[in-house]
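Peer 1: Take a look at this one; I'll ask things after.
The values are calculated or read from the model by the stated rules, or taken from the named source; none is laboratory data. Predicted model, so just to flag it, every value in this text is computed and none were measured. Don't worry about glycine lacking a Cβ; one is built from the backbone with ideal geometry, like all the others, and counts go over all protein chains shown. Each accessible area value is taken on the protein alone, full model and side chains, heavy atoms only, with ligands, DNA and RNA left out. Shrake-Rupley method; radii C 1.70, N 1.55, O 1.52, S 1.80 Å.
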Amino acid sequence: MVARPPVAVVVDRMTVDDLAAVHEIERESFSTPWPAHAYRQELEQNKLAHYIVARYGDQIVGFAGTWLLVDEAHVTTFATRATWRRQGIGERLLVALLDMAVARGANEATLEVRPSNMPARRLYEKFGFKVVGVRPRYYTDNNEDALIMTTDPLEGRPMQERIARLRGELAARPDIEIGPDGLPVPRPHRIDAAEGSPETGADSEAERAERAERAERAEQAERVERAPRIIRPSSVSRRSH
Ligand SMILES: CC(C)(COP(=O)(O)OP(=O)(O)OC[C@H]1O[C@@H](n2cnc3c(N)ncnc32)[C@H](O)[C@@H]1OP(=O)(O)O)[C@@H](O)C(=O)NCCC(=O)NCCS
């Protein structure tokens, strides 16, 4: 058998040549996908829009987009190919999106997400997004509310340190392992410790990080409870995912 050479994931600008693959991911990821021409319009006509893709060899394995509005980066779309999830592609895209936002003078990033979309919420929380409001019945397919999530100032120390840490962790990850079927081998994932489990005597770095993450999640849950209900529709969002 011929060994496959290692191929790194590269984040790159989205071009019109990527649109067929992007649309495929869009359809497998969202209950109300954008029509194919919407992305073309974004790329060709919307000067505020910036779209990126994650490439693995000649495949598109994820994409993300943002509108840069004065000092705000509004994330308009975000998805990873289903068979490539939990491999760090989402994180790579988000690092690239936030780097681009900072480079273009944005001071915060915002987005809307379904409360039921735990994978996306966990990803955004990992990057320091916090719930700041709720748009009631925002999603038209099932009338689900949207959580509005925003970062701390992007150039502030806490966000910069967080992004640097996550970038470092991504760089230290082993290459994505490709199975005989040509798809990534699923990575084992840490199982969340039960909330409030008794602490052991040992206080390793991993345990401290785990506790900090649990505390952050508890804080997030409380924020969702307290979040103001913002009736005015978003001035920028056009996504109904
Ligand atoms: C949300 C989404 C983009 C994540 O992409 P991904 O490539 O799987 O993300 P990553 O592998 O980089 O995961 C990064 C972190 O996100 C969180 N996460 C991702 N998937 C998760 C899941 N299924 N359960 C819990 N946490 C999850 C974890 O914190 C994870 O870090 P870890 O692997 O160290 O635990 C992907 O699930 C997706 O495309 N979903 C459908 C489209 C969608 O919902 N987009 C968001 C619209 S707002």
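Peer 1: What FRET efficiency, computed as 1/(1 + (r/R0)^6) with R0 = 22 Å and r the Cβ-Cβ distance, is obtained for H37 and R13, rounded to the nearest 0.05?
Peer 2: Working from the Cβ atoms, E equals 0.70.
Peer 1: Give me the distance between the Cα centres of segment 93-164 and segment 61-86, rounded to whole Å.
Peer 2: Computed from Cα coordinates, the inter-centre distance equals 10 Å.
Peer 1: Heavy-atom accessible area per residue, the chain, 1.4 Å probe: how many Å²?
Peer 2: 56
Peer 1: Hey, got a sec? Which trypsin sites (Lys or Arg not before Pro) in segment 31-60 land in a DSSP loop and have at most 14 other Cβ atoms within 10 Å?
Peer 2: K47
Peer 1: Order of 26-38, 139-151 by packing, highest average Cβ count within 10 Å first?
Peer 2: 139-151, 26-38
Peer 1: Rounded, prolate or oblate for segment 91-193? Axes are the square roots of the Cα gyration tensor eigenvalues, ordered a ≥ b ≥ c, and the cut-off for rounded is a/c under 1.5.
Peer 2: Note, shape of segment 91-193 comes out oblate.
Peer 1: Let me ask another. Please report the Cα spread of segment 132-181 along all three principal axes, rounded to whole Å, starting with the longest.
Peer 2: 42, 41, 9
Peer 1: If a/c stays under 1.5 just call it rounded; otherwise compare a/b with b/c (prolate if a/b is bigger, oblate if not). Do that for segment 1-127, with a ≥ b ≥ c from the square roots of the Cα gyration tensor eigenvalues.
Peer 2: Rounded, because the longest to shortest axis ratio a/c is under 1.5.
Peer 1: Once neighbouring chains are kept in place and the probe is 1.4 Å, which whole percent of the accessible area of the chain is contributed by carbon and sulfur?
Peer 2: 53
Peer 1: While we're looking at this one, here's another question. So if I place +1 on the C-beta of Lys and Arg and -1 on the C-beta of Asp and Glu, and nothing else carries charge, what would the dipole magnitude of the chain be about its Cα centre? I want it in debye, nearest 20.
Peer 2: Magnitude of the dipole: close to 380 debye.
Peer 1: With the alpha-carbon atoms as the only input, what is the per residue convex hull volume for the chain in Å³?
Peer 2: Here the figure is 151 Å³ per residue.
Peer 1: While we're here: Nearest 0.05, what FRET efficiency do E222 and R122 give at R0 = 22 Å with Cβ-Cβ as r?
Peer 2: So, using R0 = 22 Å, E works out to roughly 0.85.
Peer 1: Cα gyration tensor of segment 96-135, axes a ≥ b ≥ c as square roots of the eigenvalues: rounded (a/c below 1.5), prolate (a/b > b/c) or oblate?
Peer 2: prolate
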